[in-house]
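Bear in mind these aren't lab numbers, they're just calculated from the coordinates by the rules spelled out. Since the structure is predicted, the reported quantities are computational estimates derived from the model, not experimental observations. Every residue, glycine among them, receives a Cβ derived from its backbone with ideal geometry; neighbour counts consider all protein chains shown.
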Amino acid sequence: MDRIAILTSGGDSPGMNACIRATARHALDRGLSVLGVIKGYEGLIDGVFIPMESTDVSNIIQRGGTILHTARSPRFREPDGRAAAADSLRRNSVDGLVVIGGDGSFRGAHELYIEHGIPLVGVPATIDNDIWGTDLTIGYDTAVNTALEAIDKVRDTAAAHDRLFIIEVMGRSAGFIALEVGIGAGAEAVLIPETPTDLNAICDRIQGRIARGRTSSILVVAEGDEAGDAFRIAEKVKDMSGLKSRVTVLGHVQRGGSPTTRDRVLASKLGWASVDALMEGAQDVMVGEVDNRVVRHPLPDTWMKRKLLDPLLVTLSENL
Ligand code: ADP
C-alpha cells in the first residue's frame, strides 16, 4: 500500500477534523502518501482530490465541521456513479480509502467494495450514535453536551415563566441523544423511538407536578419519536389535557461547535486505527471502540445489527 484517500460523507459531526488529522498524520508517518477527497462521494465521482501533508491538518483538531467538506450524493447510489468513483481512485493510484461518516456512507462504501474491490475502512462519525459495533460515534459526545447546555438555559426561562417546554433533539430514528440529555437535564419526561410513548400518562405526571406546586416542566423528545415532532406533541398535549407549552427545536446547533475532549480522543484513536487496518490488509470493515479497545467489524454488521440503548438508562429516565 502506497497511497490512501480520506473522505468525509453524509451528516457532518464534530470531531471529523480530528479524525482527518489523525488519519493523515499516521498514514504519512507510516510512509504512505495521502489524498483528501473534497465533498464526500461527489468529489470521488468527479475526481476532486487534494494532496495532504502534515501541515495541511494543523490547527484543525478543535474545529467542528470538516475541512474536506461533505455531501449527500444521489449519483453514488447508482452503479454508474460508483464505477466513476472507482475509476477516479485507480487513476489517482489510490490503494485504500478511509470513509468517515454514518451508516449511509458505510452502505455506499460497502457497495464500492463489492463492485470494484476497493480496500476501504469506515470510521463511525455521526452525532446520532446509531451505529452498531462501537460504544460511541465521533460527534455524539459533543452533540449531547451542546444540547444539554441549551436545555439548561431553556429551563431557566421555563422556571421564570412557570411554563411547560417541549424540546426536540436530533437522533434520527434512535433515542441516544434524547435519553442521555434527558437524564442529564433532569427532564420530567423523555420521549424516544425505542419505547412506547404514553402521552396521557405524561400529561397526568405534569398535572400532578402542578398540583404539588411545580409550575415548570421540560419534556425532551427525540426527533424520531412515534408521537410525532415537538409541535405535534404540543398539540396533542393541549388536546388531551389543556396544558399549553412552548416548543424549542434544537436542530443543527447540535451538529456544530468545537468537539469535546472525548470526541477528539475517540476521533484520533479511530483515525489512527483506520490506517493500521488498511495496512494490515483489512477490507470492508469499520473500526470502532468497545470497552476502550479498538475493534474491527465487517461493514454490513454496522447497519444490519441494531445498537441498543442501555436499559439502565431507560429506567433512570423514567424514574428520576
Ligand atoms: P450518513 O453517512 O451520515 O448516514 P447519508 O445517509 O446521507 O449519511 O449517506 C451519505 C451518502 O452515502 C449518500 O448521499 C449516498 O451517496 C451514500 N449512500 C447512502 N446509502 C447508500 C446505499 N444504500 N447505497 C449506495 N450509496 C449509499
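Treat every Asp and Glu Cβ in the stretch 141-255 as -1 and every Lys and Arg Cβ as +1, leave all other atoms uncharged, and give the resulting dipole magnitude about the Cα centre to the nearest 20 debye.
With Lys and Arg at +1 and Asp and Glu at -1, about 440 debye.
Could you state the principal axis extents of the C-alpha atoms in the stretch 142-195, from the largest down, to the nearest angstrom?
That works out to 33, 24, 15 Å along the principal axes.
Compute the angle between helix 261-279 and the longest alpha-carbon principal axis of the chain, please, reported from 0 to 90 degrees and rounded to the nearest 10.
30
Find how much the distance from ASP2 to VAL265 grows on full extension, using 0.36 nm per residue of separation minus their present alpha carbon separation; answer in nm with one decimal.
Numbers: separation 263, 0.36 × 263 = 94.68 nm, distance 2.65 nm.
Result: 92.0 nm gained on full extension.
Charges only on Cβ, +1 for Lys and Arg, -1 for Asp and Glu: so what's the dipole of the stretch 1-118 about the Cα centre, in debye to the nearest 20?
Numbers: 13 positive and 14 negative charges, 38 e Å.
Its charge dipole is roughly 180 debye.
Cα axis of helix 16-29 to longest principal axis of the chain: angle in degrees, 0 to 90, nearest 10?
Compared with the principal axis, the helix lies near 20 degrees.
Residues with amide H under 5 Å of ILE6's amide H, sequence separation 5 or more or different chain, H placed in the peptide plane at 1.01 Å from N; which?
Those qualifying (amide H under 5 Å, at least 5 residues apart or on another chain) are LEU35, GLY36, VAL37, VAL98.
Using the 10 angstrom Cβ neighbour count as an exposure proxy, how do LEU320, LEU309 rank, fewest first? Show your work: numbers first, answer last.
Working: LEU320 10, LEU309 19.
If I rank by nearby Cβ atoms, fewest first, I get LEU320, LEU309.
Taking H placed 1.01 Å from N in the peptide plane, check which residues at least 5 places from ASN129 or on another chain put their amide H under 5 Å from its amide H.
THR137
So what's the angle, to the nearest 10 degrees on a 0 to 90 scale, between helix 140-161 and the longest Cα principal axis of the chain?
The helix 140-161 is inclined about 20 degrees to the chain.
Working out 0.36 nm times the residue gap between ALA160 and ARG214, then minus their Cα-Cα distance, what length gain in nm do you get to one decimal? Intermediate results must be reported in sequence, preceding the final value.
Details: separation 54, 0.36 × 54 = 19.44 nm, distance 1.18 nm.
Full-extension gain reported as 18.3 nm.
To the nearest µm²/s, what D does Stokes-Einstein give for the chain at 37 °C and 0.692 mPa s, using the Kirkwood radius over alpha carbon pairs as Rh?
Using the Kirkwood radius from Cα pairs, D works out to 160 µm²/s.
Taking the dipole about the Cα centre of the chain, with the C-beta of Lys and Arg at +1 and of Asp and Glu at -1, give me whichever of THR315, ALA159, VAL275 is farthest to the positive side.
Looking along the dipole axis, the top candidate is ALA159.
Write down the radius of gyration of the stretch 141-255 and its Dmax, each obtained from C-alpha positions, in Å.
Over the stretch 141-255's Cα set, Rg and Dmax evaluate to 12.9, 38 Å.
Taking the stretch 149-249, which GluC sites (Glu not before Pro) meet the DSSP loop condition and have no more than 15 other C-beta atoms within 10 Å? Please list the in-between numbers first.
Values: sites: GLU149, GLU168, GLU180, GLU188, GLU194, GLU223, GLU226, GLU235; in loops: GLU188, GLU194, GLU223, GLU226.
Answer by residue number: GLU226.
Taking the Cα centre of the chain as origin, work out the dipole magnitude from +1 charges on Lys and Arg Cβ and -1 charges on Asp and Glu Cβ, in debye rounded to 20. Don't skip to the end; give the middle numbers.
Details: 35 positive and 43 negative charges, 120 e Å.
With Lys and Arg at +1 and Asp and Glu at -1, about 580 debye.
Can you tell me the order of 206-215, 91-100, 293-302 when each peptide is scored by its average per-residue count of other Cβ atoms within 10 angstrom, highest first? Present the calculation step by step, with values, prior to reporting the outcome.
Details: 206-215: 12.3, 91-100: 21.7, 293-302: 16.8.
Ranking the peptides 206-215, 91-100, 293-302 by packing returns 91-100, 293-302, 206-215.
Given the -39500 (n - 2.57) contribution per DSSP H run of 4+ residues, what per-residue ellipticity at 222 nm results for the chain, rounded to the nearest 500 deg cm²/dmol?
On the way: 11 runs with 139 residues, N = 320.
So the calculated ellipticity at 222 nm is -13500 deg cm²/dmol.
Taking the Cβ-Cβ separation of SER93 and GLN283 as r and a Förster radius of 22 Å, what is the calculated FRET efficiency to the nearest 0.05?
Values: r = 18 Å, r/R0 = 0.80.
The formula returns an efficiency of 0.80 here.
For the stretch 202-237 and the stretch 21-90, compute the distance between their C-alpha centroids and round to whole Å.
With the stretch 202-237 and the stretch 21-90 each reduced to a Cα centre, they are spaced 44 Å.
Taking the DSSP beta bridges in the chain as the whole, what percent of them are antiparallel, to the nearest 5? Write down the numbers at each step before the final one.
Numbers: 10 of 41 bridges.
Here the share of antiparallel DSSP bridges comes out near 25 percent.
Can you tell me the equivalent ellipsoid semi-axes for the stretch 76-123? Use √(5λ) from the Cα gyration tensor, largest first, whole Å. Present the calculation step by step, with values, prior to reporting the outcome.
Details: eigenvalues 50, 34, 13 Å².
Square roots of five times the eigenvalues give 16, 13, 8 Å.
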